[in-house]
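Provided herewith is a single structure, encoded as structure tokens, for subsequent inquiry.
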Amino acid sequence: MTLRLYDTKSRELKPVATPNGATSMYCCGPTVYRDAHVGNLRTFLLADLISRALTVSGVAVTLIQNITDVGHMSEDFQEDDKILTQASIEKIDPFEIARKYEANFHKDLARLNIKKAHLYPKASESIEMMQSMIEELIKKDAAYLGIDGSVYFDAHSSKGYGELSRNRLDALKPGHKHETSQDGAKRFHADWALWKAAGNRSQMVWPSPWGIGFPGWHIECSAMSLKLLNSHVDVHVGGIDLRFPHHENERAQSNAITGNESVDIWVHGEHLLFEGRKMSKSSGNVLLLQDVIDRGFDPIALRLCLLENRYRSQMDLTWKSIEAANELLLRWRGKISVWASEEGLNDPVEVDPVEIDPEIQSAIENDIDTPKILLRLRAIEKSDLRNKRSLFMYADQILGLHLDAGVEEKTLTAQMKDLLNVRDIARNEKRWADSDQLRVQLEELGLIIKDTPEGQTWS
Ligand code: AMP
Ligand code: ZN
């Protein structure tokens, strides 16, 4: 299988390079000053899908995801570090803030069945790595020390600057987000800080050859990706908002260090809206995975709901769509346990291997077209194929929906199973009065029965 992904830089599908059967991946991780919202999780899920698709085809994937716990400034013109701002709001130590939200991040990933990356390096523990890269950039004349004691990257030194975002240097207006500094400290307004002088700041600062200070955000990802992935990244993942300036600047830094194109494919996930609006604290519509769980939904229902949309399209998440995904998940899990018992596969050890479906395989290969995979599964469900379970389980290696969890099946008694079967037959034979009476009996036993065009589901 050859996985092709849409590369933001070349604006076309590119096959993922797998030298010696291996691929390196880097995904920009969370800034741990608050819980990740479902939009952030959509982007982290994208890295998981790519990594699963490669793993299934036998490629050894090394995935690194950083933890930004220093240096990410607020998105307005004030130079406030997001972690320090939150630490003063919660009145606790900034490192405690970082560790608290980092733990929550890992918990959310596990609940969404996102496989663990190989490493989660923290910015605050990679200061030396970043400093040595900054020194190298100065030596290569790609960076300089400003009169304010901060070290800046010289944007003009980067030949291909702007090729990723199509923002040309001569068209950039002064004073864009994230980059303010003392007047005259930078040679050019679009240069950015690699190392920032501490100034009045006393927390989360480190000594350096240029004085006490802290690292910029963009250098963090160059340092971690190149140093931990052997100076080349095959697939780099992040949300679309990071294309500029974060990734454009990362590319300039990394290419200056390696002397060639340091990232092969730049993959960007589109943004997630919630109930038609951008998720933002100020408008009060930030949705967390915990909110989904608190409403009684399986966290994997969110995963399924996100997969109903192509990662490259903007998506509007609604409570209705989460509820529909939850019902579909229950239905499929229920059906898979029924199909397994029909095939005499109740013992998990006996379960036969998955069977490849060419349509699903081609949807995966073609830029991970998850809506197409789900459409195909719906068709398989309605078909009279005899290997439905095996085909579903093939897709589930990528989808990660625990389709064989059989939650309901485990809780069903023999009596419930019998009644469900009898009711299925009654419905097929359009004996509606019998079906209604059986529903009452099942409800008395504590089951909730729902009838859908594809059959009855229970929970
Ligand atoms: P942050 O924790 O803010 O650094 O963001 C972590 C990741 O989530 C980055 O890759 C962002 O691009 C991504 N991201 C932020 N907001 C959204 C959103 N609404 N939908 C999808 N991804 C997002
Ligand atoms: Zn990054």
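The values are calculated or read from the model by the stated rules, or taken from the named source; none is laboratory data. Small disclaimer: the values here were computed from a predicted structure and weren't measured. Counting neighbours? That spans all protein chains shown, and the Cβs are built from the backbone with ideal geometry, glycine included. Heavy atoms of the whole protein, side chains included, go into the accessibility calculation; ligands, DNA and RNA do not. Shrake-Rupley method; radii C 1.70, N 1.55, O 1.52, S 1.80 Å.
Roughly how many nanometres apart are two label points built 7 Å out from the Cα toward the Cβ at residue 405 and residue 454?
The modelled label-to-label distance comes out at 1.6 nm.
Still on this structure, I have one more. Over the chain, what is the relative contact order in percent, taking alpha-carbon pairs closer than 8 angstrom and at least six residues apart?
Working: 715 pairs, mean separation 75.4, N = 459.
The normalised contact order for the chain reaches 16 percent.
Tell me, what is the 1.4 Å probe accessible area of residue 172, in Å² to the nearest 10?
30
Mind putting together the pair-distance distribution for segment 1-152? All Cα pairs, 5 Å bins, whole percent per bin, short to long.
In whole percents, the pair-distance histogram is 2, 8, 13, 16, 16, 16, 14, 9, 5, 1, 0.
Give a residue-ordered list of calculated ³J(HN,Hα) values for segment 374-387 (Karplus: 6.51 cos²θ - 1.76 cosθ + 1.60, θ = phi - 60°; whole Hz; x for Gly, Pro).
5, 4, 5, 5, 4, 5, 4, 4, 7, 6, 9, 4, 9, 10
Same structure, new question: Averaged across orientations, what area in nm² does the convex hull of the alpha carbons in the chain project?
Values: hull surface 97.2 nm².
Over every viewing direction, the Cα hull of the chain projects on average to 24.3 nm².
So what is the 222 nm mean residue ellipticity for the chain from helices alone, if each DSSP H run of at least 4 adds -39500 (n - 2.57) and you divide by all residues, rounding to the nearest 500 deg cm²/dmol? Before the final figure, lay out the partial values.
Details: 15 runs with 187 residues, N = 459.
Value at 222 nm, helices only, nearest 500: -13000 deg cm²/dmol.
Next up: Which cross-chain or sequence-distant (5 or more) residues have an amide H under 5 Å from the amide H of residue 154, H modelled 1.01 Å from N in plane?
Counting only residues 5 or more places away or on other chains, the set is 143, 144.
Out of all Cα-Cα pairs in segment 4-269, roughly what percent, to the nearest whole number, are more than 31 Å apart?
Details: 7927 of 35245 pairs.
The share of Cα pairs beyond 31 Å in segment 4-269 comes to 22 percent.
Also: Would you work out the relative contact order for segment 414-458, in percent, from Cα pairs under 8 angstrom that are 6 or more residues apart? Kindly include the intermediate steps, with their values, before the conclusion.
Values: 29 pairs, mean separation 13.1, N = 45.
Result for segment 414-458 is 29 percent.
Which ³J(HN,Hα) values, rounded to whole Hz and listed in residue order, are derived for segment 47-54 from phi using the Karplus coefficients 6.51, -1.76 and 1.60 in 6.51 cos²θ - 1.76 cosθ + 1.60 with θ = phi - 60°, glycine and proline given as x?
Computed from phi, the couplings for segment 47-54 are 4, 5, 5, 5, 5, 5, 4, 6 Hz.
Computing the accessible area with a 1.4 Å probe over protein heavy atoms, can you report the carbon and sulfur percentage for segment 4-269? Don't skip to the answer; put the middle values down first.
On the way: 5270 of 10620 Å².
Carbon and sulfur atoms account for 50 percent of the accessible area of segment 4-269.
At 1.4 Å probe radius, can you tell me the per residue accessible area of segment 18-144 in Å²? Intermediate values should be presented prior to the final figure.
Details: 5030 Å² over 127 residues.
Result: 40 Å² of accessible area for each residue.
What do you get for Rg/Rh over segment 414-458 if you use C-alpha atoms and the Kirkwood form of Rh? Show your work: numbers first, answer last.
Working: Rg = 9.4 Å, Rh = 10.3 Å.
Here Rg/Rh amounts to 0.92.
Quick one: length gained pulling residue 440 to residue 366 fully straight, 0.36 nm per residue minus the C-alpha distance? Display every interim value, and only then the final one.
On the way: separation 74, 0.36 × 74 = 26.64 nm, distance 4.69 nm.
Contour length minus Cα-Cα distance gives 21.9 nm.
While we're looking at this one, here's another question. If DNA, RNA and ligands are ignored and the probe is 1.4 Å, what is the ranking of 153, 95 by accessible area, most exposed first? Walk me through the intermediate numbers first.
On the way: 153 0, 95 75 Å².
Ranked from most to least accessible, the order is 95, 153.
Enter the accessible area per residue of segment 414-458 (Å², integer; probe 1.4 Å; all protein chains in place).
Working: 2840 Å² over 45 residues.
For segment 414-458, the per-residue accessible area is 63 Å².
Next question. Skipping prolines and chain starts, which residues have an amide H placed within reach, meaning under 5 Å, of the one on residue 7, given they are 5 or more residues away or on another chain?
Hits under the 5 Å cutoff: 12, 13, 14.
Another one. Taking a cut-off of 28 Å, what percent of all Cα-Cα pairs in segment 102-255 are separated by more than that? Walk me through the numbers on the way to the answer.
Working: 2668 of 11781 pairs.
In whole percent, the share of Cα-Cα pairs in segment 102-255 beyond 28 Å is 23.
For a 30 Å ceiling on Cα separation, which of these pairs sit above it: 107/388; 159/372; 14/196; 115/281; 107/227? Kindly include the intermediate steps, with their values, before the conclusion.
Values: 107/388 32 Å; 159/372 40 Å; 14/196 37 Å; 115/281 28 Å; 107/227 27 Å.
Cα-Cα > 30 Å for 107/388; 159/372; 14/196; rest within.
Going from most exposed to least, what order do 195, 206 have by accessible area with a 1.4 Å probe? Let's see the in-between values first.
On the way: 195 0, 206 50 Å².
The most accessible residue leads, giving 206, 195.
Now, a different point. Give 417/450; 320/450; 320/430 a once-over and call out the pairs whose C-alpha atoms are over 20 Å from each other. Could the numbers behind the result be given before it?
Numbers: 417/450 15 Å; 320/450 16 Å; 320/430 30 Å.
Violating the 20 Å limit, Cα to Cα: 320/430.
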